[in-house]
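Below is one structure, written out as structure tokens; the observations come after it.
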Amino acid sequence: MHVTARWVAGMMLAATTAMAQGPTTMAARRFLEQAAFGPNAATVAEVRKAGFSAWIDSQIALPESKWSTIPDPAVDAKGNTSLRPAQDAFFSNAVGGPDQLRQRVAFALEQIWVVSGVKLKPEAVTPFLRLMQADAFETYDKIMYDVTLSPAMGHYLDMVNNNKPTMGRAADENYARELLQLFTVGLVKLDDWGRPVTDSTGQPVPTYDQDTIEGFARALTGWTYAPKAGANSKFPNPVNWDAPMVAFEANHDRTSGKTLLNGYVLPANQTAEADLKDALNNVFRHPNVAPFVCRQLIQRLVTSNPSESYVRRVVGVFNASPRGDMKAVVKAILLDSEARTGDDGSENIATKLREPALWIPSLLRGLDAQMAPSNALTAAAAGLGQTIYYSPSVFNYFLPGYAINIPPADAYNAPEFQLLGEASATAAADLVFSLVYGKPAGVTVDLTPYITMLGAKPGPSEVGKMVDALNVALLGGRMPAYMHDIVTAAAGKATTPKGMAQGAVYLIGSSWNFQVAR
């Protein structure tokens, strides 16, 4: 399909025509579940005034917030470093930071291009996070290039100091394999709908083979850490996390026979930089990149189980000029008809279980909570199965293809459910309880507006109106009638207005209706 700028603009217009008078409160809140870390009163007002498309444009135009500089790791008396400042900043800025869309997109990219504190030192992780923030709205090929030369990724997947082959030693294949399998094209060929392409026997067609991995591994040899300021450069250089890796031609494989995707063979005797650029361009131009990447971005922002048509529409935008423009792709994802169906409260298929890194900020933003730079939410998220910046492997916190069975369908793609179990479900309820009834470090939840609304001697009518207000703040007005009755009755059994407000917030915040974004 030939995609033009006019076609893209027409698709955007069609998605927003119904909102010509401005989004409703319900629509704005639902939109912010996808484009931000949840709605709060201020951002709802912004979206209602500007409209979806203009709000996205204004977010893209915002300079990176102070959060995007990422606090340096803490250092204890023994010189040990900790990622705790960056983890705390993730939550304090997810709740209160102004550049919500950049933060949300950067976090989505970090779940595709995974590095982890499990292997990396904190001082390696923080520059990588800054890179993801800076590149969130760049083109995908720039992201590919910058991440490939990131010393954090170089160390995490062993491209740094990857030397040319010698007798008895091959080039390291780790980064080459994950670049293809996890970051760009995937294991099997896809059509524009994201469906596997099959051969005459009905078997999926592989995207590449072992020879391809070996070709990329050889193409990516000769890179080491950048030299420290004032130091002589050599191969290998000492560790330096603060600058992109540099090439040493003597350690780069300049021989022929480096076969890449679709049978393309790199010319012999090219420099390390030329081989790197040609190899990345070979990947970037592969037709799999658009459906493989776009589907995961849709999953991270809008819905765990996007339709094939949704994927295809976004793929069309990815493949337009300039190819891989993240600004256009993100906008297409958020304004697509499948994303926006349900803004009026109707049934829709754009649903997802909120992972802890989204669920916790969404709850706090809905309550207009205040956050301190240092807080206890990293441990809370860890108790729910997601330790921020400590993905257990290069496969992220959960697999994008993880599915659950929901009759009558055989399977429903629901990656976040891989974190869910009895312990994490109990921990979620306990966390809401501590936020409502306790005083968690670094978090202030003020329920005064809801307590005031009840008056001195609240009856069922006043309690019901308070539940109505919480319905809007936390569920965007989508609370089922039966749930409204249950919460109103249960909250009304408390003996004080404060207890009634606390009870209502606890029941709503710990409910599946809140934990699943609809």
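The values are calculated or read from the model by the stated rules, or taken from the named source; none is laboratory data. Everything numeric in this text was worked out from a predicted model, so none of it was measured. Glycine gets a Cβ as well: all are built from the backbone with ideal geometry, and neighbour counts include every protein chain shown.
Here are a few things to note about the model shown:
- Just one residue in the set Thr452, Thr488 is buried (at least 17 other Cβ atoms within 10 Å of the Cβ) and in a helix (DSSP H, G or I); that residue is Thr488.
- So Leu109, is it in a helix (DSSP H, G or I), of a type in the set (A, V, I, L, M), in contact with a helix residue (DSSP H, G or I) (Cβ under 9 Å, 6 or more places away or on another chain) and crowded, with 20+ Cβ neighbours inside 10 Å: yes
- Qualifying residue in region 353-369 (condition: touching a helix residue (DSSP H, G or I) at 6+ places or on another chain (Cβ under 6 Å), farther than 22 Å from Leu507 by Cα and either buried (at least 21 other Cβ atoms within 10 Å of the Cβ) or not aromatic (Phe, Trp, Tyr) (or both)): no
- Residues (in contact with a Pro (Cβ under 9 Å, 6 or more places away or on another chain) and aliphatic (A, V, I, L, M)) located in region 340-368: Ile349, Ala350, Leu353
- Scoring Asn232 on the criteria (1) more than 28 Å from Glu123 (Cα to Cα); (2) without any contact (Cβ under 8 Å) to a residue 12 or more places away in the chain leaves a single failure, condition (1).
- Top-ranked residue in region 458-485 [being assigned to a helix (DSSP H, G or I) and small (Gly, Ala, Ser); ranked as surrounded by the most Cβ atoms within 10 Å (Cβ to Cβ)]: Ala473
- Within region 142-155, the presence of at least one residue that is outside any helix (DSSP H, G or I), outside the structural domain of Gly257 (by TED's automatic domain parsing) and touching a residue at least 24 places away in the same chain (Cβ under 8 Å) is confirmed.
- Helices (runs of 4 or more DSSP H) completely within region 314-385 that count 1 or more residues being free of Cβ contacts under 8 Å to residues at least 40 places away in the same chain and farther than 20 Å from Val105 by Cβ: 377-383
- Listed by first and then second residue, the pairs linking a residue in region 408-428 that is among the small types (Gly, Ala, Ser) to a residue that is surrounded by fewer than 12 Cβ atoms within 10 Å (Cβ to Cβ), with Cβ atoms under 7 Å apart and 6 or more places separating them unless they lie on different chains, are Ala411/Asn405.
- Identity of the residue in region 1-42, polar (S, T, N, Q) and closer than 24 Å to Lys352 by Cβ, that ends up modelled with the lowest pLDDT: Thr16
- Taking (1) surrounded by fewer than 22 Cβ atoms within 10 Å (Cβ to Cβ); (2) out of contact with any helix residue (DSSP H, G or I) (no Cβ under 7 Å at 6 or more places or on another chain); (3) under 30 Å from Arg312 (Cα atoms); (4) not hydroxyl-bearing (Ser, Thr, Tyr) in turn, Asn288 satisfies each apart from (1).
- Hey, Gly186 buried (at least 23 other Cβ atoms within 10 Å of the Cβ), touching a Phe, Trp or Tyr at 6+ places or on another chain (Cβ under 8 Å) and assigned to a loop (DSSP other than H, G, I, E, B) or not: yes
- Residues of region 56-91 satisfying the condition of being of a type in the set (S, T, N, Q) and under 17 Å from the mean Cα position of the chain (by Cα): Gln59, Ser68, Gln87
- In the set Gly168, Gly215, Gly194, only one residue is on the phi > 0 side of the Ramachandran plot and surrounded by 15 or more Cβ atoms within 10 Å (Cβ to Cβ); that residue is Gly194.
- Scan region 212-234 for residues that are assigned to a loop (DSSP other than H, G, I, E, B), among the aliphatic types (A, V, I, L, M) and under 31 Å from the mean Cα position of the chain (by Cα) and the total you get is 2.
- When residues of region 451-485 are limited to those that are over 19 Å from Ser510 (Cα atoms) and among the small types (Gly, Ala, Ser), the one modelled with the lowest pLDDT: Ala456
- Among the candidates Val114, Val125, residue that is aliphatic (A, V, I, L, M), under 18 Å from the mean Cα position of the chain (by Cα), buried (at least 17 other Cβ atoms within 10 Å of the Cβ) and assigned to a helix (DSSP H, G or I): Val125
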